[in-house]
1. Under a 10 Å cutoff between Cα atoms, tell me which one of B:ARG19, B:ARG124, B:ARG189 has the largest fluctuation in the Gaussian network model of chain B.
2. Determine the shielding of peptide A:51-62 by partner chains: average, over its residues, the number of Cβ atoms on other chains within 10 angstrom of each Cβ.
3. Compute the long axis of helix A:172-195 from its Cα atoms, compare it with the longest principal axis of the Cα atoms of chain A, and write down the angle in degrees, 0 to 90, nearest 10.
4. Read phi for every residue in segment A:139-151 and hand back ³J(HN,Hα) as whole Hz from Karplus 6.51 cos²θ - 1.76 cosθ + 1.60, θ = phi - 60°, with x for Gly and Pro.
5. Given R₀ = 30 Å, what would the calculated FRET efficiency be for B:THR142 paired with A:LEU352, taking r from the Cβ atoms and rounding to 0.05?
6. For Cα pairs less than 8 Å apart in space and 6+ apart in sequence, what is the mean separation divided by the residue count of chain A, i.e. the relative contact order in percent?
7. Round to the nearest 0.05 the FRET efficiency obtained for A:TRP233 and B:SER197 when R0 = 56 Å and r is the Cβ-Cβ distance.
8. Pull up the DSSP beta bridges for the protein assembly as shown and report the antiparallel fraction as a percent, rounded to 5.
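Please treat every number below as a calculation from the coordinates, not as lab data. Because the structure is predicted, anything quoted here is derived from the model rather than measured. Reconstructed Cβ throughout: ideal geometry from the backbone, glycine too, with neighbour counts over all protein chains shown.
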Amino acid sequence: MSPQRRFVPRPFHLWLVFLAAVAAAGFAGMGYIFTHGLAATNLTDLVPWGLWITIDLSAIAMSAGAFLLCAAVYLLGLKRYQPVARTATFIGLVGYSMAVLTLLLDIGRPDRFWHALVYWNPHSPLWEVTMCVTLYFTVLLLETAPIFGHAAWMQRRFPALARRLGTIHHYAPYLAIVGLGLSMLHQSSLGATYGILKARPIWYRPDLSVLFMVSAMAGGPALTLLISHLAGWLTPHARVDRSLLDRLANFVGWVLVGYLYFRFWDALSMSYTYEPGRTESLRLLTRGGLAFNFWAGEILLGAVIPAVILLVPRLRRHALLQAVALGMVVGGVVAYRWDVNMAGQLVVLTYLPQEIATRYTQYMPSLIEFVTGAGVIAYGALAITLGVRYLHIVDHRQEEAVEAETVSVLAPAD
Amino acid sequence: MVIDQQKCTGCGYCTLACRANNDVPPDISWNRVIEAGKAGDKTVFLSRPCMHCEHAPCVEVCMVGASYHRPDGIVMMDYDKCIGCRYCEVACPYSVRAFNWEAFTGPNPAVPAWGEPEIERRPRGVVEKCSFCSHRIDRGLTLGLKPGVDPSATPACVVACPVGARIFGDLNDPESQVSQVLAAQPAYRLREDLGTSPRVYYLPAREETA
């Protein structure tokens with residue numbers, strides 16, 4: 001027993017300080033944007049949607065693990081994945097809060113964010129997205145309530161509240177149904193947000209909603225699994241069952257195959273005949289400024305190589321290789337969101353009847369866009385780190401007791 | 001509205017009148033005058049206000065209904081509802097919309113010393129665009145004037161045009177000047193292939209045969 005306990009910073013503390021610093025810088029930047037407006041960005045009337053919308057779309061896609069795994073556990077009866085669903089749900093909660101933060105940054109009048117809930121235009125895909133996201137965020141709050149209820153410190157300090165939160169778990173199957181419906185809707189209609197715009201020929205196609213959905217089905221679980229791997233390696237507070245992660249990683253591999261299938265036919269159909277605007281955007285993607293992003297980021301590193309790794313058992317069972325592949329999937333989905341957003345806007349619309357030549361514009365995010373974007377991501381990483389440490393969101397051996405309480409509404413109990 | 005490219009000289013008075021009347025900031029144009037090729041030796045200009053489309057993409061996609069159709073067909077902005085998401089900007093095929101990236105403060109260089117703008121300046125963070133000077137139309141109608149005939153009930157750009165290249169009126173009224181002109185002459189609209197049905201018609205410039 002030494003009289004004074006000296007505080008020795010460990011890598012964990014340094015990591016927290018680093019994230020907190022980046023997040024603080026981001027929030028300071030956010031304050032600047034709120035007071036000074038969007039003139040500090042490099043967004044223009046030609047490219048009104050940039051880095052932030054990409055982060056927003058990616059955060060929502062990366063949260064897709066939550067609805068998929070909850071549906072698998074509570075609707076398909078695949079109960080052994082329940083601990084992973086728990087991780088995914090928490091990541092979903094954090095992901096959606098990140099999306100809300102970037103949206104607040106992005107809209108010109110953040111003080112009027114509530115207008116979307118009060119003034120309705122059901123015709124707008126963004127209205128539908130807003131409604132679904134709001135409702136689904138509520139679902140995620142309920143779904144994550146038991147995680148907070150089961151935290152030891154919560155049970156010690158507020159035993160009654162903790163018990164109350166824990167009982168919400170009884171409704172998990174119903175929440176899974178609602179979550180599935182809402183997620184299928186808005187994950188797809190985020191693609192439709194672009195897909196219905198006839199003014200942007202590269203976007204105007206029904207496939208975008210399907211592709212957004214399928215890519216989210218790959219990226220969401222991939223991030224959940226990646227975080228589980230990392231937590232398992234880095235902290236004793238996480239306990240990981242490799243066989244669970246392995247099977248889900250295999251699933252991600254199959255989703256990638258489906259995704260590549262859709263993308264192939266989608267891209268092939270666009271490559272025939274000259275269509276003003278669309279052909280230029282496609283050229284931008286495949287041969288122009290976005291080509292590296294497209295071929296390397298989206299296709300090769302983002303889908304083909306990880307699909308191979310995740311489908312070949314010998315490669316997949318190598319845990320580090322599996323984690324790298326999952327990280328590549330996440331990167332690929334982010335690259336896809338960025339490319340979709342940019343390809344439609346960098347080609348300037350023409351409305352002059354005599355003008356055939358298409359013009360291009362440029363966009364490079366400004367410093368404050370990067371700083372605030374990094375801040376939002378750091379906030380997410382911080383929340384997940386704290387969740388792993390204090391809420392034990394990555395714990396594959398804890399849940400047997402809880403599992404027994406749950407009634408499955410759709411799948412027969414085994 | 002009908003815009004006669006044969007008459008238009010590209011002087012830009014329409015844009016200037018619009019700026020003064022609607023207090024449009026210097027970095028935004030509700031009306032653009034663009035060089036659009038040649039007819040013979042003559043440069044042809046395309047003057048572009050909001051098209052006030054019958055099937056307006058901006059109205060369809062605005063999630064709060066801040067872009068809406070007035071009963072008379074004008075595509076209008078509710079600046080108190082707009083949250084500044086800029087979806088309408090991305091959706092508009094004619095690039096008529098502009099976002100207020102910063103607050104417009106101080107005097108407007110386009111507003112002459114002897115007059116003042118007829119509508120309120122828009123705040124930072126909302127999207128703005130041409131309204132066909134709906135305030136002039138509405139005020140004129142209450143005074144019993146006829147838009148398109150009486151200057152004070154007619155959009156400022158139409159009144160200011162020194163060569164009379166702009167004609168304004170009710171397309172539903174077969175007796176109005178716009179209907180008469182469109183019945184008599186070939187006209188076209190911008191990007192008709194998109195199915196937006198713009199309410200701005202252009203009379204194409206012709207090569208003069210002397």
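1. B:ARG124
2. Numbers: counts 0, 0, 3, 0, 0, 0, 0, 0, 0, 0, 0, 0.
Shielding by partners across A:51-62 averages 0.
3. Value to nearest ten degrees: 20.
4. With the stated coefficients, segment A:139-151 comes to 4, 5, 4, 5, 5, 8, 3, x, 4, 5, x, 8, 5 Hz.
5. 0.20
6. Details: 611 pairs, mean separation 116.1, N = 414.
This gives 28 percent for chain A.
7. Numbers: r = 60 Å, r/R0 = 1.08.
With R0 = 56 Å, the Cβ-Cβ based efficiency is 0.40.
8. Working: 16 of 20 bridges.
Bridges in the protein assembly as shown that DSSP calls antiparallel: roughly 80 percent.
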